[in-house]
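Below: the structure, in structure tokens.
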Amino acid sequence: MMRMARLLFAKSILSVFIGIILLSAAPSVMAIPAFARKYKTACSTCHNNWPELNDFGRAFKMNGFKFPKDDDQFVKDPPLMLGAEAQKETFPYSIYPGELPILPIAFRYSGYLSYNSPQPAAVTAASGYAPSTTLFTPNTFTIISAGSFGPSIAFWIDNDISTNGSGAAGGLGDGYIKANNFLGYYLHVPQNDLNIKFGQFELDLPFTQARTINLTNYAVIAETANVGGLSGTTNNPLTLASPQTGVEIGGYPNKGNTWWSLAVVDGENAVYGTASPTTGHNSKDIYAHIAQRFNLERDPAVRKEIQAAGPTGVRDHTSLRFDGFGYYGQNELNQGGVLFTGLPVFHEPFYRAGGAFDYKFRSRFELWGLWEHGHDSNKALNGGGTALVSATPVTFTGGFLEAEYWAYPWLVGIMRYDGVNSPTDMQNGVSRHDTRSAFEPELEILVRPNIKLETQYTYNYEQPVPGASTFHRANQLLVGVDFVY
């Protein structure tokens, strides 16, 4: 009887989903928020599958949220000018003129139906009861403001007003100001080859986690290093996915086919305190990223254009990109002798390093992947409890491989593999094996240029059942909606 009810429920959801698809198979063109209102253009100008950027959208972002060519001619909602053009000639004896975009504000909202594999009784007893099905779970409601204060200064602010339906769980994502062509005029550096960004921002990762097209996070980018119940002191809450506060310099030379960045950040770790003795941060962390894209279009004239063109219209270039990135920092422990009375403050250096690639075939197919290695120093008390000595480092490796295929401009199929190898996690009972693997097929449908239906199934790794010698998979089906306005 229970099996029949589940089957009827699944068929009902599938019928509703297919019905919406059929009603929406011919989307009309409409503007997306902020930038679309400014230029009176469609989402597809900058996105193939928002929030993922196409070639033009990438050039638009690199150019400080302005059209790469003849921006003034394309603006349909002109900004408020702060000063006269003549003030440029009298600078520094007058304030350099700027501009103020007119209400550059947008909103994004998402939520999902979920079906989870039934929990074993022992998992329920240890972690609490979780219903196998939720008809709708609010994800995030976000306010976004972005734009430019002139030809060379851009800004971005996004804040989750609520997360999972709770206003208290919201918070600032990115909030920064960026000067394109920083000192470029004086150093004779080409436009956008030397930029500076200041504030809170996502690290310049090869693939963004903050604005991902996926319904779940990349596991390796969200990985932390913690010995848990094992011997040692490592307790590093850093994840590359989290926003950081600091300063970043970078640029896009070679007509945007090369890009580089170097950031000095405060580090994600919380301030050390007696009530919650977590790691602290006194030194600054460093993150670096360099990428090179090879344009594989045969026609030299096409390679020089921002986007390629063909019988079906404008499209992305066929290209192949390689990335390298690294992060280095130090955790400080035992401030005030909170963990080990009578012992001094000690440091645990750590690093994250990896590489990535991205292959695009026009605007129909994309294949990308990333590999990362993490290494944290670890210490432990000596036999007499009088000093700290080096212990076995905490390490992990992992990555992901993802493919995206456009059957139609509005119908996108995705397949992703996620894997993290962490002996420490396995020993702490997180997974059955050292390597945690997940396979995640996904289907996304652009009902309208600013409304997207999404469904994703996660075939998860095996996890131990508490107090038993058995294992279970926390598989999950998500069906949801994501829209911006």
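The values are calculated or read from the model by the stated rules, or taken from the named source; none is laboratory data. These figures come from a predicted structure and were not determined experimentally. Neighbour counts are summed over all protein chains in view; Cβ atoms, including those assigned to glycine, are modelled from backbone coordinates with ideal geometry. SASA here: full protein model, heavy atoms, side chains in, ligands and nucleic acids out. Shrake-Rupley method; radii C 1.70, N 1.55, O 1.52, S 1.80 Å.
The table below lists the values:
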{"item": "Complete set of residues in the stretch 216-242 that are assigned to a loop (DSSP other than H, G, I, E, B), open to solvent by less than 30 Å² (accessible area, probe 1.4 Å) and among the aliphatic types (A, V, I, L, M)", "result": "220, 221, 227, 238, 240, 241"}
{"item": "Index of the failed condition, residue 151 passing every other in (1) assigned to a loop (DSSP other than H, G, I, E, B); (2) under 24 Å from the mean Cα position of the chain (by Cα)", "result": "(2)"}
{"item": "Count - residues of the stretch 372-409 that are touching a residue at least 40 places away in the same chain (Cβ under 8 Å), open to solvent by 50 Å² or more (accessible area, probe 1.4 Å) and over 26 Å from residue 347 (Cβ atoms)", "result": "2"}
{"item": "Test result for residue 326, of a type in the set (Gly, Ala, Ser), assigned to a strand (DSSP E or B) and touching a residue at least 24 places away in the same chain (Cβ under 8 Å)", "result": "yes"}
{"item": "Condition met for residue 358 (at pLDDT 90 or above, acidic (Asp, Glu) and either out of contact with any strand residue (DSSP E or B) (no Cβ under 7 Å at 6 or more places or on another chain) or more than 30 Å from residue 295 (Cα to Cα) (or both))", "result": "no"}
{"item": "Residues of the stretch 101-121 satisfying the condition of being hydrophobic (A, V, I, L, M, F, W, C), part of a strand (DSSP E or B) and open to solvent by 30 Å² or more (accessible area, probe 1.4 Å)", "result": "105, 107"}
{"item": "Residue within the stretch 146-158 that is in contact with a Lys or Arg (Cβ under 9 Å, 6 or more places away or on another chain) and at pLDDT below 85 present", "result": "yes"}
{"item": "Neighbours by Cβ (under 6 Å, 6+ apart or cross-chain): first from the stretch 76-100, assigned to a loop (DSSP other than H, G, I, E, B); second among the acidic types (Asp, Glu)", "result": "79/99"}
{"item": "Single match in 181, 192 (criterion: buried (at least 18 other Cβ atoms within 10 Å of the Cβ), assigned to a loop (DSSP other than H, G, I, E, B), in contact (Cβ under 8 Å) with a residue 40 or more places away in the chain and touching a Gly at 6+ places or on another chain (Cβ under 9 Å))", "result": "192"}
{"item": "Identity of the residue in the stretch 197-208, out of contact with any Asp or Glu (no Cβ under 7 Å at 6 or more places or on another chain) and not in a loop (DSSP other than H, G, I, E, B), that ends up surrounded by the fewest Cβ atoms within 10 Å (Cβ to Cβ)", "result": "198"}
{"item": "Scope the stretch 169-178; condition at pLDDT below 80 and not in a helix (DSSP H, G or I); matching residues", "result": "170"}
{"item": "Residue selected from the stretch 356-370 under the condition without any contact (Cβ under 8 Å) to a residue 60 or more places away in the chain and part of a strand (DSSP E or B), by the criterion nearest to residue 240 (Cα to Cα)", "result": "369"}
{"item": "Out of 225, 291, 263, sole residue that is among the small types (Gly, Ala, Ser), closer than 24 Å to residue 173 by Cβ, modelled with pLDDT of 90 or more and out of contact with any His (no Cβ under 9 Å at 6 or more places or on another chain)", "result": "291"}
{"item": "Those residues of the stretch 330-350 which are under 30 Å from residue 291 (Cβ atoms) and surrounded by fewer than 16 Cβ atoms within 10 Å (Cβ to Cβ), in sequence order", "result": "349"}
{"item": "Among (1) farther than 19 Å from residue 215 by Cβ; (2) open to solvent by 70 Å² or more (accessible area, probe 1.4 Å) - the single one residue 124 does not satisfy", "result": "(2)"}
{"item": "Residue satisfying condition, being closer than 30 Å to residue 443 by Cβ and either at pLDDT 80 or above or open to solvent by 60 Å² or more (accessible area, probe 1.4 Å) (or both), within set 32, 18", "result": "18"}
{"item": "Residue pairs meeting the criteria (Cβ under 9 Å; at least 6 apart or on separate chains; first free of Cβ contacts under 8 Å to residues at least 24 places away in the same chain, in the stretch 331-347; second of a type in the set (A, V, I, L, M, F, W, C) and open to solvent by 50 Å² or more (accessible area, probe 1.4 Å))", "result": "334/345; 337/345"}
{"item": "Residue among 306, 290 that is open to solvent by 30 Å² or more (accessible area, probe 1.4 Å), without any contact (Cβ under 8 Å) to a residue 60 or more places away in the chain and touching a Phe, Trp or Tyr at 6+ places or on another chain (Cβ under 8 Å)", "result": "290"}
{"item": "Looking only at the stretch 410-453, and only at residues there that are assigned to a strand (DSSP E or B) and of a type in the set (S, T, N, Q), the one that is surrounded by the most Cβ atoms within 10 Å (Cβ to Cβ)", "result": "421"}
{"item": "Near pairs, Cβ below 8 angstrom, 6+ apart or cross-chain, from the stretch 114-129 (under 14 Å from residue 463 (Cα atoms)) to any residue that is in a helix (DSSP H, G or I)", "result": "119/127"}
